[in-house]
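Note sheet for the following structure.
The values are calculated or read from the model by the stated rules, or taken from the named source; none is laboratory data. What you are looking at is a predicted structure, and each value in this text was computed from that prediction instead of being measured. All Cβ positions, even for glycine, are placed from backbone atoms using ideal geometry, and neighbour counts span all protein chains on display. Ligands, DNA and RNA are stripped out before the accessible areas are found, and what is left, the full protein with its side chains, is counted by its heavy atoms. Shrake-Rupley method; radii C 1.70, N 1.55, O 1.52, S 1.80 Å.
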There are 2 protein chains.
Amino acid sequence: MSVPDLVSGARDGDPRAVGRLISLVEDESPLLREVMAALAPYARTARRAHVVGITGSPGVGKSTSTNALVTELRRAGKRVAVLAVDPSSPFSGGALLGDRVRMQDHALDPGVFIRSMASRGHLGGLAWTTPQALRVLDAAGCDVILVETVGVGQSEVEVAGLADTTLVLLAPGMGDGIQAAKAGILEIGDLFVVNKADRDGADEVRRHLRTMLALADRGEGAWKAPIVKTVAATGDGVAEVAAEIERHLGWLEESGELVRRRTRRARDEIESIALTRMRARWGDVHGRSELDELADAVVAGESDPYTAADRLLDVLGA
Amino acid sequence: MSVPDLVSGARDGDPRAVGRLISLVEDESPLLREVMAALAPYARTARRAHVVGITGSPGVGKSTSTNALVTELRRAGKRVAVLAVDPSSPFSGGALLGDRVRMQDHALDPGVFIRSMASRGHLGGLAWTTPQALRVLDAAGCDVILVETVGVGQSEVEVAGLADTTLVLLAPGMGDGIQAAKAGILEIGDLFVVNKADRDGADEVRRHLRTMLALADRGEGAWKAPIVKTVAATGDGVAEVAAEIERHLGWLEESGELVRRRTRRARDEIESIALTRMRARWGDVHGRSELDELADAVVAGESDPYTAADRLLDVLGA
């Protein structure tokens, strides 16, 4: 299928067309330029999808929670996409996925699009491919896109940068409440969910979190991140999570923060495409290059990194 | 003090001069260009410092192990620097440090330079400032530089990218053996240390690790990462760790991998300085800019990210 066919197929909600376009993103295809140009006009006309990032340490019940949330959103008649992003190791290129099978509850529902995406890291990795996949899903008419990250640490912070609303999952007995807070989780969460709330310690996790959030209070007019208790396996509390996600979207729209976040995302996206193109000229992708020669000179003590950077910019004609 | 004075002071091993230069790095001072040019010639003449990255989840005994390793390296007459890097949250700019006090064992030893460095993230963060701090410490005549990261996840991978030798710490009872392996730890470790080896489960951690490493075998001629058991608090096993670090340096030199790793580091460093300079032109640092205008157009659906990236490169004259 040609790019115009794929784009019009995706617009009509054909899951195969959507899947093919996301494969082009994942493969960092040269066709992406044409795809993105063809998708841009739809951004103007369509009510845009609400992008919800879901993050949390392994073991908190992220998959089960995502699954339960999809059920809840479908009940409200929304078209939903789940994008499971695997930041992989930059070294092996291996994927950590495999547990995606559990989304089979929704596998036959045409109103749900589910896709795992590995960031192969040839170019900009997660930060490069995810926003483009979001554009495809947006154009395909999704109301809500759940972006679930496999992994911890920096990838969580990156997901927050890509989402309109970031949901942070915690669970009792993980011993990581404080660690999570330290790792910057407090600052990225718009909504906190204490899952496995039927287990001992759930109230303690919530209490602890509440104290930490009070300390990190962002002041008058700022969004106050709510804490919801759930048992995702039974669906308890999930309706409340969906309601809080919707409430946050309302706040984002009223406060002007939605446009600010989306503009910031567009900036990052434009910049990373530009950087990728420059890297190709410097030879980050192909064999030996100007950059290699300069690095040799720095290692040999014949040049310093600043002088080398000047030379590199000269190569660009910049 | 002027830059030439600071550089010559650092060359003479004056800890205040070294400290001042690292502050310039941390503050992303415009003087850095002059500093780096003045340091470059020393890279040619000096036997370079061995950069050892130390990583591991919170609670494995990273600080205690670093401390014990310094004692051991001092016993061998080496000049040692400890650079504790805090990748911070990109959102708050807050520091997580404070436990650096425990390095007081070595506070009065003129052969040991200890410094915490927060990555404020104005420009390129950790990846931008750490290599420059390493250049300063190298020029100051350190034999070994221990780079200890506070935090988990992506920052560990970044440290591995900056080090000649990466030491990964584990401990029994952390429940994170498998998680660590998943997070790419296996691939970045040149040396694995199972600390708190007097506790139950240490042999199990080692056995598990050994199995994982066997699966990830890099083949003929490749470095086989050893596993050492320690009790850092008492010093047990630390001499063996120091010996393995030295053995790895020998392998790096013989195999040619040392030059390859250092060249790769220099490439990354040059590139990030060049990118920083371009970002300044695009207005990543100052007010509204060409990039802002382009991002608005993309959000409004009037342009797409690829076309916007082209426009951005036009601005650079590239």
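Taking the listed residues B:237, B:201, B:189, the one that is buried (at least 21 other Cβ atoms within 10 Å of the Cβ) and either without any contact (Cβ under 8 Å) to a residue 60 or more places away in the chain or within 16 Å of residue B:68 (Cβ to Cβ) (or both) is B:189, with no other qualifying. When residue A:23 is tested against (1) of a type in the set (Gly, Ala, Ser); (2) modelled with pLDDT of 85 or more; (3) in contact with a Lys or Arg (Cβ under 8 Å, 6 or more places away or on another chain), only condition (3) is not met. Number of residues in region B:290-318 that are more than 7 Å from every other protein chain (Cβ to nearest Cβ) and touching a residue at least 12 places away in the same chain (Cβ under 8 Å): the value is 3.
When the residues of region B:261-273 are filtered to those that are open to solvent by 20 Å² or more (accessible area, probe 1.4 Å) and in contact with a Leu (Cβ under 9 Å, 6 or more places away or on another chain), which remaining residue is nearest to residue B:162 (Cα to Cα)? So the residue we want is B:265. Output the residues belonging to region A:12-22 that are over 19 Å from residue A:147 (Cα atoms) and in contact with a helix residue (DSSP H, G or I) (Cβ under 6 Å, 6 or more places away or on another chain). Selection gives A:17 alone.
Here is a yes/no grid of residues against (1) within 14 Å of residue B:140 (Cα to Cα); (2) buried (at least 19 other Cβ atoms within 10 Å of the Cβ); (3) at pLDDT below 90:
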position: B:7; (1), (2), (3): yes, yes, no
position: B:49; (1), (2), (3): yes, yes, no
position: B:60; (1), (2), (3): no, yes, yes
position: B:65; (1), (2), (3): no, yes, no
position: B:68; (1), (2), (3): no, yes, no
position: B:79; (1), (2), (3): yes, yes, no
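Checking region B:288-308 against the condition returns a match, with at least one residue being surrounded by 20 or more Cβ atoms within 10 Å (Cβ to Cβ), assigned to a helix (DSSP H, G or I) and among the hydroxyl-bearing types (Ser, Thr, Tyr).
Helices (runs of 4 or more DSSP H) fully within region A:1-86 that include at least 3 residues being more than 14 Å from chain B (Cβ to nearest Cβ): A:3-11, A:15-26, A:62-75.
Restricting attention to region A:6-32, the residues being of a type outside the set (A, V, I, L, M, F, W, C) and either under 20 Å from residue B:306 (Cβ atoms) or in contact with a His (Cβ under 9 Å, 6 or more places away or on another chain) (or both) number 9. Identify all residues within region B:240-256 that are among the hydrophobic types (A, V, I, L, M, F, W, C), open to solvent by less than 30 Å² (accessible area, probe 1.4 Å) and out of contact with any His (no Cβ under 7 Å at 6 or more places or on another chain); write none if there are none. If the condition is that a residue be among the hydrophobic types (A, V, I, L, M, F, W, C), open to solvent by less than 30 Å² (accessible area, probe 1.4 Å) and out of contact with any His (no Cβ under 7 Å at 6 or more places or on another chain), then B:241, B:242, B:245, B:252 are the ones that fit. Residues in region B:240-258: is at least one within 29 Å of residue B:67 (Cα to Cα) and within 12 Å of chain A (Cβ to nearest Cβ)? The answer is yes; a qualifying residue exists. The listed residues are B:27, B:12, and the only one of them that is more than 17 Å from residue B:84 (Cα to Cα), open to solvent by 20 Å² or more (accessible area, probe 1.4 Å), outside the structural domain of residue B:146 (by TED's automatic domain parsing) and acidic (Asp, Glu) turns out to be B:12.
Looking at residue A:281, is it surrounded by fewer than 19 Cβ atoms within 10 Å (Cβ to Cβ) and touching a residue at least 24 places away in the same chain (Cβ under 8 Å)? Taking the combined requirement at face value, the residue satisfies it.
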